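K.L.:
For reference, the structure I am asking about is given below.
The values are calculated or read from the model by the stated rules, or taken from the named source; none is laboratory data. Since the model is a prediction, treat every value here as computed from it, not as a measurement. As a convention, Cβ positions derive from the backbone with ideal geometry for all residues, glycine included, and neighbour counts pool all protein chains shown.
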Amino acid sequence: MNVLNGFFTDTTFYKKLFKLGLPITLQAFLVSLVGVSDAFMLGGIDQNAMAAVSLATQIQFLQSMVVFAITYAVSILGAQYWGKNDKESISKIFRIGLRSIGSTSLFVALLCTFCPEMLMRIFAEEGPMVKIGAEYLRIAGFSYLLTGVSQCYLTILKITNKADLSAIIGGSAVILNIILNYIFIYGHFGFPAMGAKGAALATLIARIIELLAGILSSFQKGAIKAQWKRLFEKYPALSKDFQKCVLPLLGGVIFWGVGFSSYTAVLGHLGEDAAAANAAAAVLRDLLCCLTDGMAGATIIIVGNELGAGKLELGKLYGCRFAILSAIVGVITMGAVLLLAPVVINNMKLTAEASELLRGMFYILSFYMIGRCINTVVINGVFGAGGDTLFDMYSLAVCMWGLAVPLAFLGAFVFHWPILLVYGCTCIDEVGKLPWVFNHFRRFIWVKDLTRNNVDN
């Protein structure tokens, strides 16, 4: 198979990529703008407020990892059954996803409401950041109850050729969030200036609107419906397939989410300047990762459709093309980090020491982005399309928990390395697992049709 044959001329492939990739990328970009909005608006008021909210949202970040795993499993199976034109099975998968997400979201919401100070002390020493972060969580925690359910609705839209509608709903909620941020944080149009609490209230209102819009979208003609009265019906075969996909994903996202939060906690305990610089670096990182996330989202649907339809060789070819494109995007994002770094530094209200740390972090981040882009598209997109979800968990166990996390903790608290060296340790995992990813990719274990001919009645 000549991967480069038709690489630049296959209009069918690129039409599919742009039809799915652009809306998903736009949606991810707009979602990340909430973090940018929080950082810039709060950073313009107080460094501690910006850093506190950044640390507080790590709780939502951990929940989002679980939501990601569940909606990801819905995408894997849903995309293949859509390729097979089996809408009834997709509806059943939808209900399995809603059951799983609902219980997780409720647990996180209760923790944020009743134990916010305890949660904040995981990421910061006792002080103003704990107090501000706890105030934020008491309000924003209610939104976490809604986010998972709305994301499940938006995932169904994406895999059923309605990625544009999903982007409109998700994007509109984000724009509303940013507008309300401006009103509530600074105090406009008769509202008092609420600071961090205003950012939390804006998030809650936006999530309510997003969920309502997602539910309304399911009433369209031909749309996949949740059918809530059938929510607790059992589908043994599909549930088994779902568990086979989601359990390794949950293991992977727990490894990754807790590991990533550990990085934040380590830098948070190295002082306010380190915490603020890391928060600012994360804003640009997450913004640039949107392009990769959009491509990964398109990959799982496009490759999954072909595999579910029984077109294994075409699915294999598309997977190879996405792998090449991920490397190209990685180089582009590397350049973007270096280009945008001065803009971020010059527009953040940081101390001189925090600004200098941020400058160094951006140089490190530029190399990290190459590995992050390739790994996201290949592991989450290509491997995931064929249900190969175990690799992610194994690679994270070795590269993140066997290498990056221990080095960061030892460097920070035992050897007392410079802050930038500790930050470099937190970025080493994405680069370190690249050879492993390439070796696994060329074995083509991920080329699988996961659909069943006789699904649960």
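K.L.:
May I ask you to verify whether V108 is modelled with pLDDT under 85, of a type in the set (A, V, I, L, M) and within 30 Å of I90 (Cα to Cα)?
P.N.:
yes
K.L.:
Let me ask another. State whether the residues of region 265-282 include one that is outside any helix (DSSP H, G or I), of a type in the set (A, V, I, L, M) and in contact (Cβ under 8 Å) with a residue 40 or more places away in the chain. Let's see the steps before the verdict.
P.N.:
Of the residues in region 265-282, the ones outside any helix (DSSP H, G or I) are 269-271.
Checking the rest, the ones that are also of a type in the set (A, V, I, L, M) come to 270.
If we keep only those that are in contact (Cβ under 8 Å) with a residue 40 or more places away in the chain as well, we get 270.
Yes, because at least one residue in region 265-282 is outside any helix (DSSP H, G or I), of a type in the set (A, V, I, L, M) and in contact (Cβ under 8 Å) with a residue 40 or more places away in the chain.
For (1) part of a helix (DSSP H, G or I); (2) among the β-branched types (V, I, T), each residue gets a yes or a no:
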| site | (1), (2) |
| --- | --- |
| I122 | no, yes |
| A134 | yes, no |
| R138 | yes, no |
| D164 | yes, no |
| I183 | yes, yes |
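K.L.:
Do any residues in region 167-194 that are free of Cβ contacts under 8 Å to residues at least 40 places away in the same chain have Cβ atoms under 8 Å from those of residues that are among the aromatic types (F, W, Y) and in a helix (DSSP H, G or I), where the two are at least six apart or on different chains, and which pairs are they?
P.N.:
H188/Y182; F191/F184; A193/Y186; M194/F184
K.L.:
What tally of residues in region 260-301 results from selecting those that are in contact with a Leu (Cβ under 7 Å, 6 or more places away or on another chain) and over 13 Å from T376 (Cβ atoms)?
P.N.:
13
K.L.:
Taking the options S150, S103, name whichever one is part of a helix (DSSP H, G or I), among the hydroxyl-bearing types (S, T, Y) and surrounded by fewer than 22 Cβ atoms within 10 Å (Cβ to Cβ).
P.N.:
S103
K.L.:
What number of residues in region 209-222 are of a type outside the set (S, T, N, Q) and either over 14 Å from C152 (Cα atoms) or touching an Asp or Glu at 6+ places or on another chain (Cβ under 8 Å) (or both)?
P.N.:
So the answer is 4.
K.L.:
Looking for something within 19 Å of the chain's Cα centre (by Cα), in a helix (DSSP H, G or I) and surrounded by fewer than 21 Cβ atoms within 10 Å (Cβ to Cβ) - is there at least one such residue anywhere in region 318-328?
P.N.:
No - not one qualifying residue is present in region 318-328.
K.L.:
Among the residues of region 198-216, is any without any contact (Cβ under 8 Å) to a residue 12 or more places away in the chain, farther than 30 Å from L17 by Cα and in a helix (DSSP H, G or I)?
P.N.:
The answer is no; no qualifying residue exists.
K.L.:
Could you please give the count of residues in region 1-37 that are part of a helix (DSSP H, G or I) and at pLDDT 75 or above?
P.N.:
Adding up the residues that qualify gives 20.
K.L.:
Can you find a residue in region 214-226 that is out of contact with any helix residue (DSSP H, G or I) (no Cβ under 8 Å at 6 or more places or on another chain) and among the aromatic types (F, W, Y)?
P.N.:
Checked against the condition, which is being out of contact with any helix residue (DSSP H, G or I) (no Cβ under 8 Å at 6 or more places or on another chain) and among the aromatic types (F, W, Y), region 214-226 yields at least one hit.
K.L.:
Oh, and also: Take C373 and decide whether it is without any contact (Cβ under 8 Å) to a residue 40 or more places away in the chain and buried (at least 21 other Cβ atoms within 10 Å of the Cβ).
P.N.:
no
K.L.:
Restricting attention to region 217-262, which residues are surrounded by 16 or more Cβ atoms within 10 Å (Cβ to Cβ), aromatic (F, W, Y) and outside any loop (DSSP other than H, G, I, E, B)?
P.N.:
F242, F255, W256, F260
K.L.:
Please work out which residue is farthest from the chain's Cα centre (by Cα), limiting yourself to region 84-106 and to residues that are over 23 Å from A140 (Cβ atoms) and of a type in the set (S, T, N, Q).
P.N.:
Applying the filter and picking the extreme gives N85.
K.L.:
Here is a check on your reading of the model: is I374 of a type in the set (V, I, T), in a helix (DSSP H, G or I) and modelled with pLDDT of 95 or more? Lay out the reasoning, then the answer.
P.N.:
Numbers: of a type in the set (V, I, T): yes; in a helix (DSSP H, G or I): yes; modelled with pLDDT of 95 or more: yes.
So I374 fits the description; yes.
K.L.:
Out of the residues in region 377-431 meeting the condition of being in a loop (DSSP other than H, G, I, E, B) and without any contact (Cβ under 8 Å) to a residue 24 or more places away in the chain, tell me which one is surrounded by the fewest Cβ atoms within 10 Å (Cβ to Cβ).
P.N.:
First, pick out the residues of region 377-431 that are in a loop (DSSP other than H, G, I, E, B): 386-389, 414-418, 426-427.
Within this subset, residues satisfying the condition of being without any contact (Cβ under 8 Å) to a residue 24 or more places away in the chain are 414-418.
Details: V414: 8, F415: 11, H416: 10, W417: 17, P418: 11.
Residue satisfying both the conditions and the ranking: V414.
K.L.:
For region 293-315, give me the residue count where each residue is farther than 16 Å from A163 by Cα and either among the polar types (S, T, N, Q) or surrounded by fewer than 20 Cβ atoms within 10 Å (Cβ to Cβ) (or both).
P.N.:
Adding up the residues that qualify gives 6.
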